[in-house]
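The values are calculated or read from the model by the stated rules, or taken from the named source; none is laboratory data. Bear in mind the structure is a predicted one, so any value in this text is a computation, not a measurement. With ideal geometry, Cβ positions are generated from the backbone for all residues, glycine too; neighbour counts draw on all protein chains shown.
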Amino acid sequence: MIRFENVSLVYGDKTVLAAVDLHVPPGARAALMGPSGCGKTSLLRMAAGLAKPTSGRVTVNAQRLAYAFQEPRLMPWRTAAENVNAVLSDRAATLPEARKWLAAVGLAEAENKFPEELSGGMRQRVDLARAMAYSGDLLFLDEPTKELDPDRRQEVLALLREHAKARTLLMATHSMLEAQALADQVYVFKDGRFIPA
Amino acid sequence: MNAKLWTRRILVLAFWLGVWALSASLVDRELLLPGPWEVAKRLASLVVTGQFWRITMVSLGRILLGAALGTALGVLLAMGTSRFAFLRAVLSPVLSVIKAVPVASFILLVLIWVGRDTLPCVIVVLMVAPVVWSSVTAGIYTTDAELLELSRVYRFSPWRTLTRIYAPSVGPYFLSACHTCLGLAWKSGVAAEVLTVPARSIGRELFEAKLYLESVDLFAWTLVVVLCSLILEKLLSTAITRLGRRPAWGGRQL
């Protein structure tokens, strides 16, 4: 369960979020939509404990969460498989599992490549593979298919949809296609608030 | 290494040996400037004695121990001061002072507190620790904040964060500091030995050679210092090159 109560976020003299209330019940799949800079990523970051609200309260009832970032965060000194394995046991025993997730996102051939050898779309798929490999209660996705080409996007969305069934999902997106494919609740930013679409 | 490079190196060495030999013959007084042949002969007579190797190994051991301890201390200080602002505020002036004080002042000051056999090791620690401290701190501060967020989200243990994120980020800074420190350790360690003349040390041999006006010995032992420094530097460079390629130290195995 994720709950935002009267949450505001102010950076300097810019109010990013003003008194936002949002409730994502356990097992729900919620998508946040809105223009750039409206605070979608900030909400995800606050729910993940990476940022604190200026005021209000954020409650997250979950032990573990997986997060696919808008800009893939891969360790440049590790191969694609090692990056995925980093959230598993990070030992040789779980490397096959890491490879399995990479294969699932179409990166079987790239498992031994370093991030700098991968395209933007491939890096994003490694990030997604890592999020799916991690057995968390929550799955956060920030523009998960932004870098992907249309064909690959459909495949990855199908995989994510299947994977998100067992989890509570919170995602930020500009794409109605993504929101419809993955979420059962869509919140749209309007007049400084996220309201159900 | 190709033949051309070796030829060039040998020619450069021959040129400087020629300059040395010519200067010695012009001065024509062994006391002021012994020639390379006399020094080489003396060195050859030294290296066949057990005493020479004992002295060299004791000096080397003392200096390397100081370098290792200084490196460990520098890393610990960097970790502590990067983590705790209070510690940083308290210890930063100490770092500035240590960097500014001349080695000779340190040697004389520390001689009051510790024995002459221990002093070179302590001096090396004092010279090496601040350099490692500064470099490792710079490495810690340049660690990618986004990767640290990643480690928080996926609940990496402190050990995993240290070994998987900090170590590869700090690795190149640490290895570079080690390279700088080796020469520093060697020079400051021998200088401390010369000023404190501990038993069985290169510094003592240099001091006595100067005291008894044994210029050939002075040159021969100085040559030993130079050779040891070159060999150590080469060994360290090789180790750094190999370590630097490893992903765990920020390198790539492409």
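Okay, here's what the table says:
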| quantity | calculated |
| --- | --- |
| Those helices (runs of 4 or more DSSP H) lying entirely in the stretch B:141-241 with at least 1 residues more than 30 Å from A:M75 (Cα to Cα) and touching a helix residue (DSSP H, G or I) at 6+ places or on another chain (Cβ under 9 Å) | B:167-196, B:202-211 |
| Strands (runs of 3 or more DSSP E) fully within the stretch A:40-154 counting 2 or more residues that are out of contact with any helix residue (DSSP H, G or I) (no Cβ under 9 Å at 6 or more places or on another chain) and touching a residue at least 24 places away in the same chain (Cβ under 8 Å) | A:55-60 |
| Of all residues making up the stretch B:235-254, the number that are at pLDDT 85 or above and of a type in the set (V, I, T) | 1 |
| Qualifying position, being modelled with pLDDT of 90 or more, more than 14 Å from chain A (Cβ to nearest Cβ) and under 24 Å from the mean Cα position of the chain (by Cα), among B:L223, B:L232 | B:L223 |
| Filter result (farther than 19 Å from A:R130 by Cα and at pLDDT 90 or above) within the stretch A:50-74 | A:A51, A:K52, A:P53, A:T54, A:S55, A:G56, A:R57, A:V58, A:T59, A:V60 |
| Residues located in the stretch A:175-197, provided they are farther than 21 Å from A:V7 by Cβ, in a loop (DSSP other than H, G, I, E, B) and at pLDDT 90 or above | A:D184 |
| Evaluation of A:M75 against (1) within 12 Å of chain B (Cβ to nearest Cβ); (2) surrounded by 22 or more Cβ atoms within 10 Å (Cβ to Cβ) (one fails), failing number | (2) |
| Hey, B:I231 under 27 Å from B:P130 (Cβ atoms), surrounded by fewer than 22 Cβ atoms within 10 Å (Cβ to Cβ) and not acidic (D, E) or not | yes |
| Criterion (among the hydroxyl-bearing types (S, T, Y) and under 28 Å from the mean Cα position of the chain (by Cα)) met by exactly one of B:T142, B:T161 | B:T142 |
| Count of the stretch A:49-68 residues which are more than 8 Å from chain B (Cβ to nearest Cβ) and on the phi < 0 side of the Ramachandran plot | 13 |
| Per-region count, the stretch A:158-172, residues in contact (Cβ under 8 Å) with a residue 24 or more places away in the chain and more than 22 Å from A:R45 (Cα to Cα) | 1 |
| Any chance B:P172 is within 14 Å of chain A (Cβ to nearest Cβ) and either at pLDDT below 90 or closer than 23 Å to B:S105 by Cα (or both) | yes |
| Within the stretch B:42-130, helices (runs of 4 or more DSSP H) holding 1 or more residues that are of a type in the set (S, T, Y) and surrounded by 21 or more Cβ atoms within 10 Å (Cβ to Cβ) | B:50-83 |
| Residue match in the stretch A:113-124 (condition: in contact with a Gly (Cβ under 7 Å, 6 or more places away or on another chain) and more than 24 Å from A:A28 (Cβ to Cβ)) | no |
